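The values are calculated or read from the model by the stated rules, or taken from the named source; none is laboratory data. Quick caveat: nothing in here was measured; it's all calculated off a predicted structure. Every residue, glycine among them, receives a Cβ derived from its backbone with ideal geometry; neighbour counts consider all protein chains shown. Accessible surface areas use protein heavy atoms only, side chains included; no ligands, DNA or RNA. Shrake-Rupley method; radii C 1.70, N 1.55, O 1.52, S 1.80 Å.
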Amino acid sequence: MAEQAEAIIDIEGLKKTYTLDSHRHVEAVKGIKFSVNAGEIFGLLGPNGAGKTTTIGMLTTRVKVTAGDAFIAGINIRDEVAVKRLIAVVPQQNNLDRSLTARENLTFHAKYFGVPKQVREKKAEELLKMMGLKGRQDDYVRAFSGGMAQRLMIARALMHEPKVLFLDEATTGLDPQSRRLLWDKVRELNESGQTILLTTHYMDEADELCHRIAIIDHGEVLALDTPHNLKRMVPGGNRIDLELPEAPDRLVDILRGIDRTGVISRRDEEDRVILSVHGGQGLIPGIIKAVQETNTDILSVQLHHVTLEDLFIHLTGRRLRD
Amino acid sequence: MKTFVALLQRDVTVLIRDLPEFVMRIAMQPFLFVFVFGYVLPSIGQVKSSYANLLLPGILAASMMMAGVQGTAIPLSQDFGAIKEIEDRLMAPIRISMVVLEKIVMGTLQAWIAGGLVFPLAWAIMRSNLSLHVTSFSYLFLYLFLVGLASAATGITLGTIISPFKIPLMFATIIIPMIFLGATYYPWHALSNVVWLQTIILINPMVYAAEGFRSVLTPGIPHIRMLFTILGLFAAVIILSGIGLRGFIKRAYS
Ligand SMILES: Nc1ncnc2c1ncn2[C@@H]1O[C@H](COP(=O)(O)OP(=O)(O)O)[C@@H](O)[C@H]1O
Ligand SMILES: [Mg+2]
């Protein structure tokens, strides 16, 4: 889909330098360039301070651009009012209107966008139901838990039917269950045609949700592709770790011949040996057979999938999270 | 335009929801002033009953200023506080300057309500000590209009400069001095013995508000000429709105 799809966000050398004082500057985003296709879930994956929020800030008119250009549905992001009509943002931080109830947060938001009364009432009804907040619609949002606030902010964002939905670290700080629930909602929305640009520092989240991912660090895009292709960039790829009490030479020979890459490493420990073999789960039957042929005991067999974390380590030498 | 009206409706809804609090906040100060200075003190002979006359324009100005500043500065500094509640309104399809204008309209509205409360309060409590001569209703309304705007503009300026937890400090160090040094409880001409003070306080918009109201409500008391008070209030509205707008925009973007 990536090849022929129509780009809805076009970023051309976007740059942001924050001025702290006259001689201290932070180059938060250093001239990034990519586009997001209509109907896509696009992810910005990177550690804290990578420049994800700043990038979203520029695209959503909240951060003044230092240099470069970006277009949303063909409209320059400097044309603030026109861009604001097309987009919606769910920020990293709860910014619900605490003077209003959950339902009013939705209806007033729609009112700001000139959505007619009947339409906004109906839409609020639907979205409250979809986000599982129907029972709490008349409560003030002060007492809402993180997960509820997050779902209400998504509902609010959808009230004016934006062309692009921006989600900034939507699941950070949520418990695993709320996180799963939110993932389901994001997928559901996307299936109904919603273009979504999200940021995250969870590699599993990016992997699971996004059609394409830009890996971003220190304000630069290091790699951009589908999760599948990104993981193929990691040298070695998937591997199987075989834990044995001892490793007879004949077994090592057989394993070496099992695939063109063969055994990649052998680690001898006090009472065991760990052999790593290149490849995925398809190799497991062959490995077991070889082990049985050589009458060796197995302590454990572990399939190790390449993750985006591995790619990040490969690209930067650091882990995604601290 | 639709967006602007919707923003106003949001603020009005929130205001009406806390109506008792709003009325208390707005009415308490004028009530106490009218009651103590216009009724209690004259009744026990501590001040001449004519003091009520001198005082009323000042109370009117101070009440409006207080309401206009509170009605803008407090919500604004909260909006821009840690939670950034205002973000959703900044994302509305409208220019940021219009969001500022909406805040000024809200503040002005509250100042008018406060001003509107002073008259019935004064009439109810100290009418026996009062002798008002409204020289011109059009000028009275012009002053009400300008003082409302000036108070809201002051509030916008303060609200964008001051962080939420410094609000009590703002009242102690800015609003209270503005009111006490604003020719509120004494006519400006009476300061002729303290020329340095008389000169310095000319930067205080309260002076033009109180003196302006004197010129239309109690013309018998010496007051600054209308032309100057009108110009002073105009200047205050323009300068403070300008500073407030810049401060707001600076805060609205990063
Ligand atoms: N308003 C700001 N003023 C100054 N520096 C900022 C501001 N916002 C972010 N930064 C800095 O810019 C860099 C990128 O931050 P951010 O975009 O928030 O990253 P992320 O969202 O990926 O964690 C960080 O070094 C951060 O400290
Ligand atoms: Mg961030």
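Given the options A:Val186, A:Val89, A:Val252, state which has the largest fluctuation in a GNM of chain A using a 10 Å cut-off (strictly under) for Cα springs.
Greatest mean-square fluctuation among the candidates belongs to A:Val252.
How much length, in nm to one decimal, is gained on full extension between A:Asn229 and A:Glu243, taken as 0.36 nm per residue of separation minus their Cα-Cα distance?
This chain segment gains 2.1 nm when fully extended.
Taking the Cα centre as origin and putting +1 on Lys and Arg beta-carbons and -1 on Asp and Glu beta-carbons, what dipole magnitude results for chain B, to the nearest 20 debye?
I would put it at about 220 debye.
Between their Cα atoms, which of A:Lys64/A:Lys163; A:Lys30/B:Lys2; A:Lys15/B:Lys250; A:Lys123/B:Lys2; A:Lys16/B:Lys2 are more than 27 Å away from each other?
A:Lys30/B:Lys2; A:Lys16/B:Lys2
Hey, what do the phi angles of segment B:183-194 turn into as Karplus ³J(HN,Hα) couplings, whole Hz, using 6.51/-1.76/1.60 and θ = phi - 60°, x for Gly and Pro?
Taking θ as phi minus 60°, the curve returns 6, 7, 9, 8, x, 4, 4, 5, 8, 4, 7, 10 Hz for segment B:183-194.
Quick one: if the Förster radius is 56 Å, what FRET efficiency do A:Ser192 and B:Thr173 give, using the C-beta to C-beta distance and rounding to 0.05?
Once rounded, the FRET efficiency stands at 0.55.
What are the ³J(HN,Hα) values, in whole Hz, obtained from phi via the Karplus relation 6.51 cos²θ - 1.76 cosθ + 1.60 with θ = phi - 60°, for each residue of segment A:184-193 in sequence order, with x given for Gly and Pro?
4, 5, 4, 5, 4, 4, 5, 4, 8, x
Given the whole protein assembly as supplied and a 1.4 Å probe, what does the accessible area of A:Asp204 come to in Å², nearest 10?
Accessible surface of A:Asp204 is approximately 60 Å².
Calculate the mean, over all residues of peptide A:83-89, of how many other protein chain Cβ atoms lie within 10 angstrom of the residue's Cβ. Intermediate values should be presented prior to the final figure.
On the way: counts 1, 7, 3, 1, 2, 2, 3.
For this peptide, the per-residue mean of nearby foreign Cβ atoms is 3.
How far apart, in nm, are two points set 7 Å out from the Cα along the Cα-to-Cβ line at A:Asp79 and at A:His314?
For A:Asp79 paired with A:His314, the spin-label model returns 4.1 nm.
Kindly provide the helix-only [θ] at 222 nm of chain B, computed as the sum of -39,500 (n - 2.57) over DSSP H runs of four or more divided by all residues, to the nearest 500 deg cm²/dmol?
Computed mean residue ellipticity for chain B: -23000 deg cm²/dmol.
Under the Karplus relation 6.51 cos²θ - 1.76 cosθ + 1.60, θ = phi - 60°, what is the ordered set of whole-Hz ³J(HN,Hα) values for segment A:267-281, x standing for Gly and Pro?
Calculated HN-Hα couplings, in order: 10, 8, 10, 3, 10, 7, 10, 10, 9, 10, 10, 5, x, x, 5 Hz.
Excluding A:Val115 itself, what net charge comes from residues whose Cβ is under 9 Å from its Cβ, given Lys and Arg +1 and Asp and Glu -1?
Within the 9 Å Cβ shell, the charges total +3.
Run the helix sum for chain A: -39,500 (n - 2.57) per DSSP H stretch of 4+ residues, divided by residue count, reported at 222 nm to the nearest 500 deg cm²/dmol.
Result for chain A, helices only: -10000 deg cm²/dmol.
Return the percentage of antiparallel bridges among DSSP beta bridges fully within the protein assembly as shown, rounded to the nearest 5 %.
If I count the DSSP bridges inside the protein assembly as shown, around 70 percent turn out antiparallel.
Where only protein heavy atoms count, and the probe is 1.4 Å, what is the accessible area per residue for segment A:47-118 in Å²?
Numbers: 2490 Å² over 72 residues.
Averaged over the residues of segment A:47-118, the accessible area is 35 Å².
Over the alpha-carbon set of chain A, divide Rg by the Kirkwood Rh and report the Rg/Rh ratio to two decimals. List each step's numbers first, then the result.
Numbers: Rg = 24.4 Å, Rh = 22.3 Å.
For chain A, the value is 1.09.
Let me check against my output: what whole-number percent is the relative contact order of chain A, with C-alpha pairs under 8 Å and at least 6 apart?
Computed over chain A, the figure is 19 percent.
Take every Cα-Cα pair in segment A:1-147 and report what % of them are more than 19 Å apart.
I get 64 percent for the Cα pairs in segment A:1-147 exceeding 19 Å.
Per-residue counts of other Cβ atoms within 10 Å, averaged by peptide: what ranking do you get for B:117-129, B:41-53, highest first?
Listed from highest to lowest mean packing, they are B:117-129, B:41-53.
So what is log10(I(q)/I(0)) for segment B:2-252 at q = 0.14, 0.16 1/Å, when the Debye sum runs over its Cα atoms only?
-0.90, -1.14
Using the Cβ atoms and a cut-off under 10 Å, what net charge is assigned to the surroundings of A:Gly31, where Lys and Arg are +1 and Asp and Glu are -1? Provide the component values of the computation, followed by the final result.
Working: positive: A:Lys15, A:Lys16, A:Lys30, A:Lys33; negative: A:Glu12, A:Glu27, A:Glu220.
Result for the local shell: +1.
Binning at 10 Å from 0, report for the protein assembly as shown what percent of all alpha-carbon pair distances ends up in each bin.
Histogramming the protein assembly as shown at 10 Å steps yields 3, 14, 20, 17, 14, 12, 8, 5, 3, 2, 1, 0 percent.
Give me the one-decimal nm value for the distance between modelled label points at A:Thr101 and A:Asp184, 7 Å along each residue's Cα-to-Cβ direction.
2.6
With +1 on the Cβ of every Lys and Arg and -1 on the Cβ of every Asp and Glu, and nothing else charged, how large is the dipole of the protein assembly as shown about its Cα centre, in debye rounded to the nearest 20?
Once rounded to the nearest 20, the dipole reads 2680 debye.
Given Cβ point charges of +1 (Lys, Arg) and -1 (Asp, Glu) and nothing else, what value in debye, to the nearest 20, does the dipole of segment A:7-232 about its Cα centre take?
About 540 debye.
With a sphere of radius 15 Å drawn around the Cβ of B:Leu54, what net charge do the other residues whose Cβ falls strictly inside it have (Lys, Arg +1; Asp, Glu -1)?
On the way: positive: B:Lys48, B:Arg214; negative: B:Glu211.
So the environment of B:Leu54 carries a net charge of +1.
With contacts defined as alpha carbon pairs under 8 Å and 6 or more residues apart, what's the relative contact order of chain B in percent? Working shown, then result.
Values: 367 pairs, mean separation 68.1, N = 254.
Over chain B, the number comes to 27 percent.
When the Cα atoms of segment A:193-283 are enclosed in a convex hull and the volume is divided per residue, what value in Å³ results?
147
If I model a spin label at B:Gln198 and A:Glu161 as a point 7 Å from the Cα along the Cα→Cβ vector, what separation in nanometres do I get?
About 6.9 nm separates the two model spin labels.
Provide a whole-number value for the mean count of partner chain Cβ atoms within 10 Å of the Cβ atoms in peptide B:89-99.
6
Can you find, among B:Leu121, B:Val105, B:Met178, the residue farthest towards the positive end of the dipole of the protein assembly as shown? Put +1 on the C-beta of Lys and Arg, -1 on that of Asp and Glu.
Highest projection toward the positive end goes to B:Leu121.
R0 = 35 Å: FRET efficiency of A:His305 with A:Tyr18, Cβ-based, nearest 0.05?
0.40
Can you tell me which of A:Ile215, A:Ile87, A:Ile284 moves the most in a GNM of chain A? Springs connect C-alpha atoms under 10 Å apart.
Of A:Ile215, A:Ile87, A:Ile284, the Gaussian network model singles out A:Ile284 as fluctuating most.
Once both axes come from the Cα atoms, what is the angle between helix A:102-112 and the longest principal axis of chain A, in degrees from 0 to 90, rounded to 10?
Approximately 60 degrees, to the nearest ten.
If you take the square roots of the eigenvalues of the alpha-carbon gyration tensor of segment A:94-236 and sort them as a ≥ b ≥ c, do you get rounded (a/c under 1.5), prolate (a/b over b/c) or oblate?
Prolate, because a/c is 1.5 or more and a/b exceeds b/c.
Using bins 10 angstrom wide from zero, how does P(r) for segment B:73-121 break down, in % of all Cα pairs?
23, 42, 23, 11, 1
Could you tell me the relative contact order of segment A:239-305? Use alpha-carbon pairs under 8 Å, at least six residues apart, and round to a whole percent. Please report the intermediate quantities before stating the final value.
Working: 112 pairs, mean separation 33.6, N = 67.
Relative contact order of segment A:239-305: 50 percent.
Could you work out the mean count of beta carbons from other protein chains within 10 Å of each residue's beta carbon in A:104-117?
Per residue, the average neighbour count from other chains is 4.
Which residue fluctuates the most in chain A, going by a Gaussian network model with Cα springs under 10 Å, if the choices are A:Ile11, A:Ile298, A:Ile75?
It is A:Ile298.
For A:Lys52, give me every one of the aspartates and glutamates with a C-alpha distance below 14 angstrom, ignoring sequence neighbours fewer than eight places off in its own chain.
A:Glu27, A:Asp168, A:Glu169, A:Asp217, A:Glu220
Helix B:137-161: angle to the longest alpha-carbon principal axis of chain B, degrees 0 to 90, nearest 10?
So the helix axis and the longest Cα principal axis differ by about 50 degrees.
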